[in-house]
1. State which residue is farthest from R303 (Cα to Cα) when the search covers only the stretch 256-285 and only residues that are open to solvent by 10 Å² or more (accessible area, probe 1.4 Å) and over 13 Å from the mean Cα position of the chain (by Cα).
2. If we keep just the residues of the stretch 330-345 that are polar (S, T, N, Q) and part of a helix (DSSP H, G or I), which is surrounded by the most Cβ atoms within 10 Å (Cβ to Cβ)?
3. Determine the pairs where a residue that is over 22 Å from C277 (Cα atoms), located within the stretch 307-325, has a partner that is open to solvent by 30 Å² or more (accessible area, probe 1.4 Å) and not aromatic (F, W, Y) with Cβ atoms under 6 Å apart, the partner being 6 or more residues away or on another chain.
4. What's the number of the only condition in (1) open to solvent by less than 30 Å² (accessible area, probe 1.4 Å); (2) over 15 Å from the mean Cα position of the chain (by Cα); (3) under 29 Å from A341 (Cβ atoms) that P130 fails to meet?
5. Let me spell it out: the conditions are (1) over 28 Å from S329 (Cβ atoms); (2) acidic (D, E); (3) touching a residue at least 24 places away in the same chain (Cβ under 8 Å), and D153 meets all of them except one. Which number is the exception?
6. Name the residues in the stretch 49-90 that are in a loop (DSSP other than H, G, I, E, B), at negative phi and in contact (Cβ under 8 Å) with a residue 60 or more places away in the chain, would you?
7. Looking only at the stretch 299-329, count every residue that is assigned to a helix (DSSP H, G or I) and over 23 Å from D153 (Cα atoms) and tell me the total.
8. What single numbered condition from (1) in contact with a His (Cβ under 9 Å, 6 or more places away or on another chain); (2) in a helix (DSSP H, G or I); (3) crowded, with 17+ Cβ neighbours inside 10 Å fails to hold for L136?
Amino acid sequence: MKVLFVFYVPSGGVHSLNRQRCLALRRHGIQADCLYYAWGAGFQSLEDFPVYLTRDDRETAHILRSRNYDLIVVTSDFTCFERFRKLGYNGKMALEIQGYGPPELARRRLVEGAPSIQAHASALLNPNTPHIALLLQEMYPSIPLFQFNNCFDYERFTYREQAGHGADSPIIAWLGRIEDNKNWREFLYIGYALQKHYPQLKLWMFEDSNLADPEEKVQFDRMVELLQLSSRLTVRSNVPNDHMMHYFSRIGDSGGLLCSTSKAEGSPQAILEAMSCRCPVLAADCDGVFASVVHNITGKNYRLGDIEHAVREAIELIDNGPLRQNIQSAALLHVQTEFNAEVYCRNFIGMLQEIVEGRGGNGF
């Protein structure tokens, strides 16, 4: 069988997920390709599977006709369903939701997309995100819904020992876009509060400058200046994904952690990457992170918007050695078992067979 994954640009967690699942599915005989509308910072020119970069109708029609896909999985962009039909594609299509922001925004997007989704989607897919699952069940009860965790290649993306770097000054890291839902403001406030407890504290932020909201970026610069964080803050943009395992390993070895402050998430790939590299995670309690971050077992959660709570949890994660070690070990095991690529492939192939054969069903 042949599958095409469609997304806007090759950047961020969706692109990392697409690369990993395309390679995993191909080991099971599924020819998996990717189509993006435009270049993104995460694109690597030499992939082990076809990656198409185009929004042109003629080029897209040629791809769809020549590759003859059994299923097209579209992440977020329900507007392409009708376009693909007009370009001659008559096969099955599924809408996958890896994010969509807070519940109220997700509802608005799903209401907006209702005519296209109802007319063209053969299935709905999401990575066990509770608020998304509830919305899909409520709004589209007649379309089969499939839910299972994303896959992660923990053998390739794993801890890398950092020569000469010990636990000297803790590094608190953040990864995302400079836009409201990723909640960079909260991270800066948490860092500002933590520096009182750790004078040598370092703050590292990883972002994609191509996707930053311009107005938010101006506000970001102002807040960094206001909080006087420039001397301890390092911002890195468009770091190649393969390099991130070295950064996460360094953060973990420093005694620090990854701080995820998002207001809403689907299934954040960066959290899995950190956990696989023995970098502990502190995450705001949006429901999309609960599949990966289980409080005091595989990481720590704090109440979204509660800076004092976040700081208390961060201090315990930094200072409590036995708890930290237990979390690091449990998190790695969690990634290896719950986000296993072989499990993902079994679930995905089962979904694919149901959709293509038209047997319906309620997913996994």
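1. R278
2. Applying the filter and picking the extreme gives Q336.
3. H309/R303
4. Checking P130 against (1) open to solvent by less than 30 Å² (accessible area, probe 1.4 Å); (2) over 15 Å from the mean Cα position of the chain (by Cα); (3) under 29 Å from A341 (Cβ atoms), the one that fails is (1).
5. (1)
6. Of everything in the stretch 49-90, those that are in a loop (DSSP other than H, G, I, E, B), at negative phi and in contact (Cβ under 8 Å) with a residue 60 or more places away in the chain turn out to be Y69, D70, D77.
7. Qualifying residue count for the region: 17.
8. (1)
The values are calculated or read from the model by the stated rules, or taken from the named source; none is laboratory data. Since the structure is predicted, the reported quantities are computational estimates derived from the model, not experimental observations. Cβ atoms come from the backbone with ideal geometry, glycine included; neighbour counts cover every protein chain shown. Note: areas computed on protein heavy atoms with side chains; ligands, DNA, RNA excluded. Shrake-Rupley method; radii C 1.70, N 1.55, O 1.52, S 1.80 Å.
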